[in-house]
1. With θ taken as phi - 60° and the coefficients 6.51, -1.76 and 1.60, list the Karplus ³J(HN,Hα) couplings across the range 113-130 in order, rounded to whole Hz; mark glycine and proline as x.
2. In whole Hz, with x marking every Gly and Pro, tabulate ³J(HN,Hα) for the range 257-268 from phi via Karplus 6.51 cos²θ - 1.76 cosθ + 1.60, θ = phi - 60°.
3. With N residues in the range 291-366, what two-decimal value do you get for its Cα radius of gyration over 2.2 N^0.38 Å?
4. When all protein chains stay in place, what accessible area (Å², nearest 10, 1.4 Å probe) is found for K110?
5. Please find the FRET efficiency linking L221 to W435, where r is the Cβ-Cβ separation and R0 is fixed at 45 Å, and quote it to the nearest 0.05.
6. Each label point is 7 Å from the Cα along the Cα-to-Cβ direction; what then is the distance between the points at F320 and W512, in nm?
7. Rule-of-thumb check for the range 248-385: C-alpha Rg over 2.2 N^0.38 Å?
8. Once you wrap a convex hull around the alpha carbon atoms of the range 367-451, what is its projected area averaged over all directions, in nm²?
Amino acid sequence: MALISHASPSSHVCDEIAKFRSDYSMNFGVPKHGEMAKMRLDFLNFASSSSPAKTLLSLHAGNASLGCKRGSRLIFAASPPTEDVVVAAEPLTKEDLIGYLASGCKPKEKWRIGTEHEKFGFEIETLRPMKYDQIAELLNGIAERFDWEKVMEGDSIIGLKQGKQSISLEPGGQFELSGAPLETLHQTCAEVNSHLYQVKAVAEEMGIGFLGIGFQPKWGLKEIPIMPKGRYEIMRNYMPKVGSLGLDMMFRTCTVQVNLDFSSEADMIRKFRAGLALQPIATALFANSPFTEGKPNGYLSMRSHIWTDTDNNRTGMLPFVFDESFGFEQYVDYALDVPMYFVYREKKYVDCSGMSFRDFMAGKLPSIPGELPTLNDWENHLTTIFPEVRLKRYLEMRGADGGPWRRLCALPAFWVGLLYDEVSLQNVLDMTADWTPQERQMLRNKVPKTGLKTPFRDGYVRHLAEDVIKLAKDGLDRRGFKETGFLNAVADVVRTGVTPAEKLLEMYNGKWGQSVGPVFQELLY
């Protein structure tokens, strides 16, 4: 993913966590659990019996992670791309899993912005989705022309890497850039523009274009190509067992998201709560998926609606995040109960769909009996959980539809202004403090259909959005990087009260003569 928060080999992060654990107990009236107070962050600390040279290990070039002795085993902080790094000699404990999440804590001066965005590739002449052989040609062309490293699965090229950026393929060939962790929104938008330039330079020669929208507007599932990635085959077989729209999610949706850091457990909690409460507001502002198979589908964000019936074991608004007891431990408990998809062994994906990570920790996984998980397995498992805000070693804001390039820069601006500024963050928490779980869920359910016109208390979501955009702008102003211009695209949505999806519907019913074909030109990158 775009933003990997690496712990530094010092006591700073552990001291921060200890300090905020104390603060958290006082601020939220939660008694310290003995287990939590003694939580072992083994892989964050230098082992007293090991030299730094033995303790610091690199998992792959340019991506240092920490390893520490605990008893007879060595624990590594995992880093993508996911490989088998070490075979555990004893079971991981829940403290290890908690410590993995806590290792994301970093001081404010090291907070970064990681932006990810997906887009649909299509043949300009036919509007049909790119086939895999065209995608392979495109990836090879970008690699050779712009010096990217190829990522292979077997004999198939499935992505590219360059420094801390990566290009990957979603199940239906959606092209995703996972950007590098960057300090300012100017850098983020420059990265987006550079990526689009490189992709277009190769794609245009092939007669390929890219569409910035949240849901495939024209083609049905049977027309979408299937990428040669083992994890997607497992998911494709499992999805219909747990929801009616999972295959649509895999093959026909595109999103833009931003990944943001936290300084402590208490800071994570505050950002998680603010992000969840306001995620429907972001969904409304970025709603951009009103068509299915050539016709209006009755939603402004079909992409968002699809997540409501994909797999309820791993999606949603996570009400427990608002419990007084919430913290890293509670998220670990949640994640342990989310059924698994796979385990990665010897460069192959082993189908473990529906099985329990708790059983895996006890060596009782039927697919690989007797084997124990590594932190890489835990990291993999966390990537298969899809709530509206997701916790890894950073927080992912996941509620927005894909869109044209201006809105790719607006989404990180929106969340950075709200969550990276203490005053704006506190204002958000104050604004949403008395929202009930039922109200938050109501917004989640209704916004995909009615957007900014969704009623809320004595007003509408548009009124909430006006207040939130002002808070985001003020937060960006206080950052001092002159970043507020990146909010213009969503500020216009609030000012007019018309979402991107409603603009598309207006053109569909007007000058487009009820044809979705022109959307491919309208939202062409």
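The values are calculated or read from the model by the stated rules, or taken from the named source; none is laboratory data. Keep in mind the model is a prediction, meaning the values are calculated, not measured. Note that each Cβ is placed from the backbone with ideal geometry, even for glycine, and that neighbours are counted across all protein chains shown. When the accessible area is computed, the model is the full protein with side chains, heavy atoms only, and any ligands, DNA or RNA have been set aside. Shrake-Rupley method; radii C 1.70, N 1.55, O 1.52, S 1.80 Å.
1. 10, x, 10, 10, 8, 10, 8, 8, x, 8, 6, 4, 6, 10, 6, 6, x, 4
2. Whole-Hz 3J(HN,Hα) from phi for the range 257-268: 9, 10, 10, 10, 8, 9, 8, 6, 4, 5, 5, 4.
3. Here the answer is 1.51, to two decimals.
4. 90
5. For L221 and W435, the calculated efficiency is 0.80.
6. That separation, rounded to one decimal, is 4.2 nm.
7. 1.24
8. 9.2
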